[in-house]
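Asker: I have a structure I would like to understand better, so I am pasting it below and will then ask my questions one at a time.
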Amino acid sequence: MKKLSARRRHPLAAVVVLLLALAATGGLYAAFAPASKAQADTTAQSLAIDEGKKLFSVGCASCHGTGGQGSSDGPSLVGVGAAAVDFQVGTGRMPAQQPGAQIARKKVIYSQAEIDQLAAYIASLGAGPTIPTKSQVSPEGADIAKGGELFRTNCAQCHNFTGKGGALTHGKFAPSLEGVDPKHIYEAMQTGPQNMPSFPDTTLSEKNKKDIIAYLNAVNGDDTESPGGLELGGLGPVSEGLFGWIFGLGALVAVAVWVAARTAKAKKS
Amino acid sequence: MSTTTTSDSRPSREKAPAGEKVADWADGRLGIYSLAKSNMRKIFPDHWSFMLGEICLYSFIIIILTGVYLTLFFHPSMNEVTYHGSYVPLQGQLMSEAFNSTMHISFEVRGGLLVRQIHHWAALIFLAGMFVHMMRVFFTGAFRKPREVNWLFGFLLFVLGMFTGFTGYSLPDDLLSGTGVRFMEGAVLSVPVVGTYLAFFLFGGQFPGGDFVARFYSVHILLLPGIMLGLVVGHLILVFYHKHTQFAGPGKTNNNVVGMPLLPVYMAKAGGFFFLVFGVIAAIAAIASINPIWSMGPYRPDMVSTGAQPDWYMGFSEGLIRVMPGWEINLWGHTLVLGVFIPLVIFPLVLVAIAVYPFIESWVTGDKREHHILDRPRNVPTRTAFGAAWISWYFVLLVGGGNDIWATHFHLSINSITWFVRIGFFVVPVIVFVITKRVCLGLQRRDKDKVLHGRESGIIKRLPHGEFIEVHEPLSQEALHTLTAHEQYQPAEIGATVDENGVERKVKGSERLRSKLSEGFYGEDSQIPKPTVEEYKEITSGHGHH
């Protein structure tokens, strides 16, 4: 102890104490502060936002404004949330090819990683619905019949009984739901893209959405069987009438012509 | 008959064969010998278009047969039950017994779905067949005296068929048909003054109530088919009584029928044709789905789907309502819904327009003679143009009825289609009328040319001085006869308005109208005078170039 007390007055003593104190607080902080992993995530997130912003200024800003605030050519994206981006870009609707009654589905241009970056950027502009998880959109454990009832009550007016699509005013339309990724159906209900009303969780609960997805999977999915034979588009009496006229009556008239031509005719002079 | 002659030549003690005994027994009680004698050798002419009516008859029989099978399993009740059948996406849903039993027919009853689909497809084809059959009769003028009554029978069958179809389509109480019934209720409600009472009477109270399926059921399986069956029998009796019409041709006159006898040729053909019709309809029912009620779900008045249309034969009424602007008048606390009421009034008029035409035509021509020789449509341009215009009118309305399907499948705006139908409702028939008439006149000119100058042989000849001519071959006598067999009416003049004493007679308005119409039907602009014998002789006597 003598040695230590003897150097107490050493000119560097204060510096050493300061270093020790700093090391102690730093160590304590390191021990008690949130896990360092979280720190790394924050970095990735901000990286994604940065990358998303770059993609946005190239592909989207001309209509939606440089900060996503919107312009005369496109709506503001503040608060639309990541789900809206994942739906619009993930189904190829955005970036839009041309203005018109409605922006249609087309080939997806961005990779899923890029879509995620764009979504991260838009989500950073204001809070909004997030991209659903796998379990939220999986038809497992859902009530198909309940989903059907909900679908007929809320969706069939525009999308038809089993989601074959239908017409809206002035060239707009409710698209067919055949072959649509369940994630996108969920996001569409959540965000209400284009002419569709939105069905937030307060209107259609998470369970309800799952039920609807399960119903669509059952009646309009890849494994759906049509017990009656050809579905004829599932459009109802118009396509049935057309089929009945062309193939029903058409075949019968052909048969009639055949029968009439095959008769014990007297020889023509 | 040959059987009676053989029995005469046989010693009377010998026992007659069993068949003869049965025939004798029946003859003594039913008089079948004379019936058979007069009808077994009935002649029917051969043409495929004369078999369109048979398609209707056979599909009607198929509908009755399959319909009987369906009644064995269908419960016409609107009591609410919970579904426990094998179709998973509806399990646990509440529905009416009618829907439940239709699901049962479709998924659990052996052959139920196939029979349901045969029944429904046959209904669509029955109506389509009647439509085409009616048009065949129309365009060939087969409705003329003495067949006016039979024309009306046929027309009534078509209209009753529409309503039988509609009531049948409503029975399963599914979401699609329920929307159709709601539509009908709305139309009834729009009738001024009595509409509400009528609707309450029909549904036994507020829509949908608990009665309409049972009521529609008795209408669908008993009342309407009963009347239709009677009309079909009457229709056939009249066909037998009038004998069948035939197209003009050598040896065919207004007083004979050239063709094959009922027995054995036509019996064999018609019998075989029945099975062909049954086969085609069954094949279609096995291939293609129709009215998949499991996809539509049970009816609930708070639900609706897009693409909710009636079957095709009611489609024109759907078109009327879809394109009608939503006008309404409010007076003294009452609403007159013109947007629905006007279509309701036009709906029967569309049908009546074609039904009354034969009577208008016979009034204009003033022709009281019987006609058993059919017209070629081109030789009666005004009638043909009217028929084509009517079909186009009907088709425009069908486009209106399916405007949403047109919009989605042809990437059009539904509003533009609606406007097209609104304008087309007035304009398209006129355009089609004019064009069809021109086409008919053109064909008449071509016929005339063929008669006078012969058929183009395709052989080009070079004359010594270098001119090229095409060699025309004269037609055969048969062809000449067929092309010139039709008679042409002359426009009816208003007779002298002053009699021999110089007294002016009053000319009635109807007489003036008739003369005007007659000029329009048969005037210079409406038919090409057919070649006369003199013209033919002059041209073929060697003075002509070819």
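Asker: Go through segment A:168-186 residue by residue and tally those that are facing chain B (nearest Cβ under 9 Å) and either in contact with a Cys (Cβ under 9 Å, 6 or more places away or on another chain) or within 11 Å of A:I213 (Cα to Cα) (or both).
Answerer: The qualifying residues number 3.
Asker: Hey, does segment B:217-239 have a residue that's out of contact with any strand residue (DSSP E or B) (no Cβ under 9 Å at 6 or more places or on another chain), farther than 25 Å from B:T306 by Cβ and of a type in the set (F, W, Y)?
Answerer: So far as segment B:217-239 goes, yes, one or more of its residues are out of contact with any strand residue (DSSP E or B) (no Cβ under 9 Å at 6 or more places or on another chain), farther than 25 Å from B:T306 by Cβ and of a type in the set (F, W, Y).
Asker: In segment B:61-106, what count of residues is obtained for those that are among the polar types (S, T, N, Q), part of a helix (DSSP H, G or I), within 13 Å of chain A (Cβ to nearest Cβ) and over 15 Å from B:L175 (Cα atoms)?
Answerer: Initially, segment B:61-106 is screened for residues among the polar types (S, T, N, Q), giving B:66, B:71, B:77, B:79, B:82, B:86, B:91, B:93, B:96, B:100-102, B:106.
From what is left, the residues that are part of a helix (DSSP H, G or I) are B:66, B:71, B:100-102, B:106.
Those still in the list that are within 13 Å of chain A (Cβ to nearest Cβ) too: B:102, B:106.
Now drop any that are not over 15 Å from B:L175 (Cα atoms), which leaves B:106.
Total satisfying the criteria: 1.
Asker: Could you tell me whether B:R41 is at pLDDT below 95, surrounded by fewer than 13 Cβ atoms within 10 Å (Cβ to Cβ), outside any helix (DSSP H, G or I) and under 34 Å from the mean Cα position of the chain (by Cα)?
Answerer: Considered against the rule, which asks whether it is at pLDDT below 95, surrounded by fewer than 13 Cβ atoms within 10 Å (Cβ to Cβ), outside any helix (DSSP H, G or I) and under 34 Å from the mean Cα position of the chain (by Cα), B:R41 comes out as yes.
Asker: Can you name every one of the helices (runs of 4 or more DSSP H) wholly within segment A:198-269 that holds 3 or more residues which are in contact with a Pro (Cβ under 8 Å, 6 or more places away or on another chain), of a type in the set (A, V, I, L, M) and farther than 16 Å from B:I118 by Cα?
Answerer: A:206-220
Asker: Of all residues in segment B:303-344, how many are in contact with a strand residue (DSSP E or B) (Cβ under 6 Å, 6 or more places away or on another chain), under 23 Å from A:V238 (Cα atoms) and at pLDDT 90 or above?
Answerer: Total satisfying the criteria: 1.
Asker: Also, quick follow-up: For segment B:107-119, does any single residue satisfy the condition of being more than 9 Å from chain A (Cβ to nearest Cβ), surrounded by fewer than 23 Cβ atoms within 10 Å (Cβ to Cβ) and in contact with a strand residue (DSSP E or B) (Cβ under 9 Å, 6 or more places away or on another chain)?
Answerer: Within segment B:107-119, not a single residue is more than 9 Å from chain A (Cβ to nearest Cβ), surrounded by fewer than 23 Cβ atoms within 10 Å (Cβ to Cβ) and in contact with a strand residue (DSSP E or B) (Cβ under 9 Å, 6 or more places away or on another chain).
Asker: On to the next question. Taking segment A:53-84, which residues are buried (at least 18 other Cβ atoms within 10 Å of the Cβ) and either of a type in the set (K, R) or free of Cβ contacts under 8 Å to residues at least 40 places away in the same chain (or both)?
Answerer: A:K53, A:H64, A:G65, A:G74
Asker: Select from segment B:484-508 the residues that are within 30 Å of B:H372 (Cα to Cα) and free of Cβ contacts under 8 Å to residues at least 40 places away in the same chain and list them in ascending order.
Answerer: B:E487, B:Q490, B:P491, B:E493, B:I494, B:G495, listed by residue number.
Asker: Here is a check on your reading of the model: is B:A282 outside any loop (DSSP other than H, G, I, E, B) and either at the interface with chain A (Cβ under 10 Å from one of its Cβ atoms) or closer than 18 Å to B:N39 by Cα (or both)? Let's see the steps before the verdict.
Answerer: On the way: outside any loop (DSSP other than H, G, I, E, B): yes; either at the interface with chain A (Cβ under 10 Å from one of its Cβ atoms) or closer than 18 Å to B:N39 by Cα (or both): no.
So B:A282 fails the test.
Asker: Condition test on B:Q246, is it of a type outside the set (D, E, K, R), in contact with a helix residue (DSSP H, G or I) (Cβ under 6 Å, 6 or more places away or on another chain) and in the same structural domain as B:F163 (by TED's automatic domain parsing)?
Answerer: No: the conditions fail for B:Q246.
Asker: Give B:V427, B:V350, B:V439 a once-over and let me know the one that is part of a helix (DSSP H, G or I) and farther than 30 Å from B:S190 by Cα.
Answerer: B:V439
Asker: Being charged (D, E, K, R), closer than 19 Å to A:C158 by Cα and within 8 Å of chain A (Cβ to nearest Cβ) is the filter here; which residues of segment B:294-343 pass it? Steps first, please.
Answerer: Initial filter on segment B:294-343 (charged (D, E, K, R)): B:300, B:302, B:311, B:318, B:322, B:328.
Retained after the next criterion (residues that are closer than 19 Å to A:C158 by Cα): B:300, B:302, B:318, B:322.
Within segment B:294-343, B:R300, B:D302 qualify.
Asker: A further question follows. If you go through segment B:332-340 one residue at a time, do you hit one that is surrounded by fewer than 22 Cβ atoms within 10 Å (Cβ to Cβ), assigned to a helix (DSSP H, G or I) and outside the structural domain of B:G520 (by TED's automatic domain parsing)?
Answerer: First pass over segment B:332-340, keeping only residues surrounded by fewer than 22 Cβ atoms within 10 Å (Cβ to Cβ): B:332-339.
Okay, now just the ones that are also assigned to a helix (DSSP H, G or I), so B:338-339.
From what is left, the residues that are outside the structural domain of B:G520 (by TED's automatic domain parsing) are B:338-339.
Checked segment B:332-340: at least one residue is surrounded by fewer than 22 Cβ atoms within 10 Å (Cβ to Cβ), assigned to a helix (DSSP H, G or I) and outside the structural domain of B:G520 (by TED's automatic domain parsing).
Asker: Name the one entry in A:L235, A:L249 that is touching a residue at least 24 places away in the same chain (Cβ under 8 Å), facing chain B (nearest Cβ under 7 Å) and surrounded by 21 or more Cβ atoms within 10 Å (Cβ to Cβ).
Answerer: After applying the criteria, what remains is A:L235.
Yes/no per residue for (1) more than 10 Å from every other protein chain (Cβ to nearest Cβ); (2) part of a loop (DSSP other than H, G, I, E, B); (3) without any contact (Cβ under 8 Å) to a residue 60 or more places away in the chain; (4) touching a Pro at 6+ places or on another chain (Cβ under 8 Å):
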site	(1), (2), (3), (4)
B:L238	yes, no, no, no
B:N256	yes, yes, yes, no
B:Y266	no, no, no, no
B:K269	no, no, yes, no
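Asker: Any residue in segment B:450-461 that is away from chain A (no Cβ under 14 Å), in contact with a helix residue (DSSP H, G or I) (Cβ under 8 Å, 6 or more places away or on another chain), over 30 Å from A:P237 (Cα atoms) and part of a loop (DSSP other than H, G, I, E, B)?
Answerer: no
The values are calculated or read from the model by the stated rules, or taken from the named source; none is laboratory data. Bear in mind that the values here come from a model prediction, so they are computed numbers and not experimental data. FYI the Cβ positions are ideal-geometry reconstructions off the backbone, even for glycines, and counts take in every protein chain you see.
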